[in-house]
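Worksheet for the structure shown next.
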Amino acid sequence: PRLGEYGLIIGLGIVGNLAAQLGMLCGARMAAWETLPFRIGIAKACGIGDCFDVKAVDAVAATQTLTAGYGIEFAIFAFGGSAGRAYESTSACMCQSEDGHMMGRVVLVGGCELTLKGGAWNGNIDIRASSRSRPGYHDPAYELGRDYPKVFVPFDTRRNVAEILRLIAEKRLQVDPMTTHRMPLERCDEAADLLLAAPDSALGVIFQMGSEQ
């Protein structure tokens, strides 16, 4: 994300919420689509103002109005399940070249599924997938102490995590509104079941050592 770009987040779980906030910190103007009013409320408490309930409003029209007809330059899919309809709606919001081809980039972050056609069907949209936190993720030697050469790998997992922690400490990245439950670590199975069964009332669970508070 770059200063002044228009971005779209689809799905306002923890990952989508953080992606929207980070886009804003980079200077992009972010819109977000969600189906659960509960998550939209949390997102707005985190400072994400342009959130649209796709079940209640025409999210495509609202996003086009937000971009003043220019279109979005990137979108991040942060949800699971079929992404076909979301992709079609997103494509309608993308920037367009003079010949009518859609332009921009779409990043698949959540566990969504998308079937693509070849040829000119995608216009000039750059479709990417991201499922890692940069070099060092699940690298046993690295996790046990080895460093990558910083001149070649300036942003590795450690640096990214350290930067996120600094942003949280500086209150520039809001996470408290996403914390809906606190449980002892021994109840981790219950917490996982809760997140799956009640997405309209549970979002972030903090595990605590000792008794529940």
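The values are calculated or read from the model by the stated rules, or taken from the named source; none is laboratory data. All values reported here derive from a predicted model rather than from experimental measurement. Glycine gets a Cβ as well: all are built from the backbone with ideal geometry, and neighbour counts include every protein chain shown. Accessible surface areas use protein heavy atoms only, side chains included; no ligands, DNA or RNA. Shrake-Rupley method; radii C 1.70, N 1.55, O 1.52, S 1.80 Å.
Can you name the residue in segment 35-48 that is without any contact (Cβ under 8 Å) to a residue 24 or more places away in the chain and within 15 Å of the chain's Cα centre (by Cα) and, of all such residues, is farthest from G111 (Cα to Cα)?
Filtering segment 35-48 for residues that are without any contact (Cβ under 8 Å) to a residue 24 or more places away in the chain and within 15 Å of the chain's Cα centre (by Cα), the one farthest from G111 (Cα to Cα) comes out as K44.
For A45, only one of the following conditions fails: (1) closer than 24 Å to D200 by Cα; (2) in contact with a strand residue (DSSP E or B) (Cβ under 8 Å, 6 or more places away or on another chain). What is its number?
Only one criterion is unmet by A45, namely (2).
I'm trying to understand the selection: among the residues of segment 177-213, which are in a helix (DSSP H, G or I) and under 17 Å from the mean Cα position of the chain (by Cα)?
Residues satisfying the conditions are P177, M178.
Please count how many residues of segment 28-44 are of a type outside the set (S, T, N, Q), open to solvent by 20 Å² or more (accessible area, probe 1.4 Å), within 12 Å of G13 (Cβ to Cβ) and not in a helix (DSSP H, G or I).
The number of residues fulfilling the criteria is 1.
Residue-wise test of (1) surrounded by 13 or more Cβ atoms within 10 Å (Cβ to Cβ); (2) charged (D, E, K, R).
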residue	(1), (2)
A162	no, no
R166	no, yes
Q174	yes, no
P177	yes, no
R182	yes, yes
L185	no, no
D189	no, yes
L195	yes, no
G204	yes, no
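For the list (1) out of contact with any strand residue (DSSP E or B) (no Cβ under 9 Å at 6 or more places or on another chain); (2) touching a residue at least 40 places away in the same chain (Cβ under 8 Å), I need the number of the one condition that E88 fails.
(2)
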